[in-house]
Amino acid sequence: MRKWIFASVALLIGVPAAAQQVEETSGPAAELALSNDTLSARYLSEVDGSKGTRFVGGVFLGEERDLVLDAGMMLGVDLGRRFDFSVGPKLYAALLRDENEDVMAMSLGAEIRFYFDPQRRFALSGQAFYAPDILSFGSADNLVDLSARAEMQVAEDFMAFVGMRWFEFDLTNNGGERTLQEELFVGLRYDL
């Protein structure tokens with residue numbers, strides 16, 4: 001067990017140093033994803049003067065009138081030509097359908113992407129964000145936001161994707177879990 005703890009600490013200490021080695025840059029992009037019950041949009045933009053650090057902002061709208069805004073800063077880490085990896089904080093602000101069920105949560109998470117081809121046209125990616133009770137405010141004790149998707153470049157500036165997302169809050173006062181999304185989605189990304 002101690003080996004895992006030391007390895008985790010070493011990884012966290014090594015992340016900022018490795019982030020300086022990221023050489024590839026990408027411009028801003030916009031994404032739109034739809035499922036049967038949800039719509040979400042994201043904007044991604046590299047921070048000026050940085051290599052691999054990206055601002056990510058998004059909006060999520062659920063069929064039951066749940067509205068969630070999020071913003072984060074992801075620090076890129078160089079893992080070679082076939083992998084993209086980033087880690088960083090993300091702030092969530094949610095207005096849930098029921099009155100007085102507002103949530104604000106500060107999460108920490110990571111995103112990883114594996115490219116199957118050297119031209120980086122087909123990839124599998126995953127995201128994981130978690131906000132513990134100490135960083136969740138309002139009517140939630142914690143937040144979990146997980147997703148996995150397959151991506152394919154369909155034109156020079158367009159990428160299509162399909163995936164699955166698990167997005168939920170653990171509510172306070174024995175409110176149980178509030179699942180905002182647990183279903184398949186499809187989407188399109190446009191490089192601006």
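The values are calculated or read from the model by the stated rules, or taken from the named source; none is laboratory data. For clarity, every value in this text was computed on a predicted model and none was experimentally measured. Quick reminder, even Gly has a Cβ in these numbers, built from the backbone with ideal geometry, and neighbours come from all protein chains shown.
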>> Return the pair list, or none, for Cβ contacts closer than 6 Å from residues in the range 128-149 that are closer than 14 Å to Leu91 by Cα to residues that are outside any strand (DSSP E or B), at least 6 apart or on different chains.
In response: Asn142/Pro132; Asn142/Asp133
> Given Ala17, Ala10, Ala30, which one is over 19 Å from Ala94 (Cα atoms), at pLDDT 95 or above and of a type outside the set (Asp, Glu)?
Replying inline: Ala30
> Can Phe83 be described as modelled with pLDDT under 95, under 18 Å from the mean Cα position of the chain (by Cα) and under 23 Å from Lys51 (Cβ atoms)?
Replying inline: yes
> When Arg65 is evaluated against the numbered criteria (1) in a loop (DSSP other than H, G, I, E, B); (2) on the phi < 0 side of the Ramachandran plot, which criterion, by number, is the only one it fails?
Replying inline: (2)
> Taking into account only those residues within the range 90-117 that are charged (D, E, K, R) and within 18 Å of Phe169 (Cα to Cα), which is surrounded by the fewest Cβ atoms within 10 Å (Cβ to Cβ)?
Replying inline: Glu99
> So which residues in the range 118-167 are of a type in the set (Asp, Glu) and surrounded by 15 or more Cβ atoms within 10 Å (Cβ to Cβ), if there are any at all?
Replying inline: Asp141, Asp145, Glu151
> Which pairs do you get when a residue that is assigned to a loop (DSSP other than H, G, I, E, B), found in the range 106-119, comes within reach of a residue that is loosely packed, with under 13 Cβ neighbours inside 10 Å, reach meaning Cβ atoms under 7 angstrom, with the pair 6+ apart or on two chains?
Replying inline: Pro118/Arg81
>> Just to be sure I understand, how many residues within the range 74-105 are touching a residue at least 12 places away in the same chain (Cβ under 8 Å), closer than 20 Å to Phe137 by Cα and not hydroxyl-bearing (Ser, Thr, Tyr)?
In response: 15
>> Any residue at all in the range 112-133 that's over 20 Å from Ala150 (Cα atoms), among the small types (Gly, Ala, Ser) and in contact with a helix residue (DSSP H, G or I) (Cβ under 9 Å, 6 or more places away or on another chain)?
In response: no
>> Only one of Leu184, Leu124, Leu143 is of a type in the set (A, V, I, L, M, F, W, C), closer than 24 Å to Glu46 by Cα and not in a loop (DSSP other than H, G, I, E, B). Can you tell me which?
In response: Leu124
